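Below you'll find the structure, written out as structure tokens, and then a few comments.
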Amino acid sequence: MKSVPFLFLVLVVVSTAVFAIQPPRYVQTAGKNRRRLLLSKNHKIGPEFRISTQTTHDQSYPNVGTFDDGKFVVAWESFEQDGSETGVYGQRYNADGTKIGSEFRVNTYTAGKQHSPNIGTFSNGKFIVVWQSVGQDGSDSGVYGQRYNADGTKLNSEFRVNTYTTDDQTLPCVGTFSNGKFVVAWDSFGQDGSESGVYGQLYNADGTKLNSEFRVNTYTAGKQHNSNVESFSDGKFIVVWQSFGQDDSNYGVYGQRYNADGTKLNSEFRINTYTTGVQWLPSVGTFSDGKFVVAWDRFGQDGSESGVYGQMYNADGTRLNSEFLIHEYGTDRRPNPNIGTFDDGKFIIAWSGLCKNDNVGICGQQYEANGTKFGSEFLVNTHISNKQELPSVGTLSDGKFVVVWSSNAQDDSGDGVYGQLFNFGIPGKPTTPSTTSSPTPSSTTPSTDASVASCLPSDYFSLLGSFVVTGILALMGDM
């Protein structure tokens, strides 16, 4: 009995010391005067949700656009829903993820195929959808658009974007500006005298064309296609694309920056440093300070069949550090990476591939403003049967983000469109990012004790509990 006080004192001292190394951490719950212990195992907001109401046949190739008030809108292509082959449909959402009204058809012209939609949103709540339409311009595929008011009603009629109509004009993407102007980029077959080239068209806020359509790529031999465009807050914009043979290998990723008046800002530039094999399927994200980041798919460099890589850039167009590996667990052959950026410089990249726990689905990785990874790669989708692919990321002003994707057979038919809302954060860390326009430290930055936590075993508290129980049993034995 005389040994009990001494052993009990030892247990108390050891337990106190260990808890002092890594105390329980709390986060202020938004909108409530209380704190919540950080024991959550993910940063998802609610369950994943089906976006497409129509479930017959395939609904796929989704794209998401977000608004300053947290609302968002999704567009996708749907097979035979408009009475013909494929048509473009959309659904608006409130900030809490509830639907605004019913899904709606975007394209007015319904003969043949209307597909591959892309959305751009404006600060006043208006938005625009662009897509490709087969046969509508009298010659193969053409690029069309439809503007919308903030209440979801159509703003004037759908319009043809491309002036040159011979052969195919395909895979459009749109970038929007704070003054209501917008720019559309697309692929055009044969227009630059070779196979395919990248072209663009600027528009005024009233929907009228600003000058003529223009060729983006300077190098014209072979194929330049799969373009992506994003705007900057000062009216400038950037276009990225893949180019065959230009880097003396197979495909490489290239870019061209533009001034607000549509003139080229310096020359086109190669984005990928590693040139062996295939670098393609680029996506670009821009920041309010003029910086930008590009992600793409690469075959073979990291020892896998396919990998996802990225490169950050300064506002003057110079590289910020080296190109970096994004994926950790391997990918499928077409990861289709997509980028969402925050005003404070943080960003999120999503792609399809082999994620953690050997699940093939939509993978995600968060990044700090300096380009370092924030947490580990994570699985976006909850439903893991069959195949989930073609992700699109939209970021929201309150630090949340939304990912949408195509999921096979989840709606008991063909492909369907699904989504998931997130807080920017990782398990055990605060999830309330700053909405400032400069990359200053915010509450999304890991707390100062994070490095200590990473040095402790993942079952730290379980081990501690076992230690305490063992000590108590030993004391009881001495009694």
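The values are calculated or read from the model by the stated rules, or taken from the named source; none is laboratory data. No experiment lies behind these values; they were computed from the predicted model shown. Note that each Cβ is placed from the backbone with ideal geometry, even for glycine, and that neighbours are counted across all protein chains shown. Heads up: the accessible areas ignore ligands, DNA and RNA and are worked out on the full protein's heavy atoms, side chains in. Shrake-Rupley method; radii C 1.70, N 1.55, O 1.52, S 1.80 Å.
Could you pull out the pairs from K181/K373; K126/K291; K181/K236; K154/K181 whose alpha carbons sit more than 22 Å apart here? From K181/K373; K126/K291; K181/K236; K154/K181, over 22 Å: K181/K373; K126/K291. For segment 160-173, backbone phi angles converted through the Karplus equation (6.51, -1.76, 1.60; θ = phi - 60°) give residue-by-residue couplings of 7, 8, 6, 7, 6, 10, 5, 6, 9, 10, 9, 6, x, 9 Hz, Gly and Pro being listed as x. Scanning residues 5 or more positions from I384 or on other chains, none has an amide H under 5 Å from its amide H, with H placed 1.01 Å from N in the peptide plane.
Lys and Arg at +1, Asp and Glu at -1: add these up for the other residues within a Cβ distance under 14 Å of Y148 and post the number.
Values: positive: K71, R92, R105, K126, R147, K154; negative: E103, D151, E158.
Taking every other residue near Y148 into account, the sum is +3.
Residue-wise HN-Hα couplings along segment 249-266, as the Karplus relation 6.51 cos²θ - 1.76 cosθ + 1.60 with θ = phi - 60° gives them from phi, are 10, 9, 8, x, 9, 10, x, 9, 8, 10, 6, 5, 8, x, 7, 5, 9, 6 Hz; Gly and Pro carry x.
Just add up the charged neighbours of G87: K/R +1, D/E -1, any other residue whose Cβ is under 9 Å from the Cβ of G87. Result for the local shell: -2. Across the accessible surface of segment 248-295, with the other protein chains kept in place and a 1.4 Å probe, carbon and sulfur atoms take up 46 percent. All other residues whose Cβ lies under 15 angstrom from that of G200 are scored, Lys and Arg at +1 and Asp and Glu at -1, for a net of +1. Is segment 125-275 rounded, prolate or oblate when judged by the Cα gyration tensor, a ≥ b ≥ c being the square roots of its eigenvalues, rounded requiring a/c under 1.5 and prolate requiring a/b larger than b/c? Since a/c reaches 1.5 but b/c is at least a/b, the shape of segment 125-275 is classed as oblate.
Can you tell me the dipole magnitude for segment 104-222 around its Cα centre, using point charges on the Cβ only (Lys, Arg +1; Asp, Glu -1), in Debye to the nearest 20? If you can, show how the numbers build up before the last one.
Values: 9 positive and 11 negative charges, 100 e Å.
Rounded to the nearest 20 debye, it is 480 debye.
3J(HN,Hα) along segment 407-420, derived from phi through the Karplus expression 6.51 cos²θ - 1.76 cosθ + 1.60 where θ = phi - 60°, amounts to 10, 7, 6, 5, 9, 6, 10, x, 7, x, 9, 10, x, 8 Hz, with x in place of Gly and Pro.
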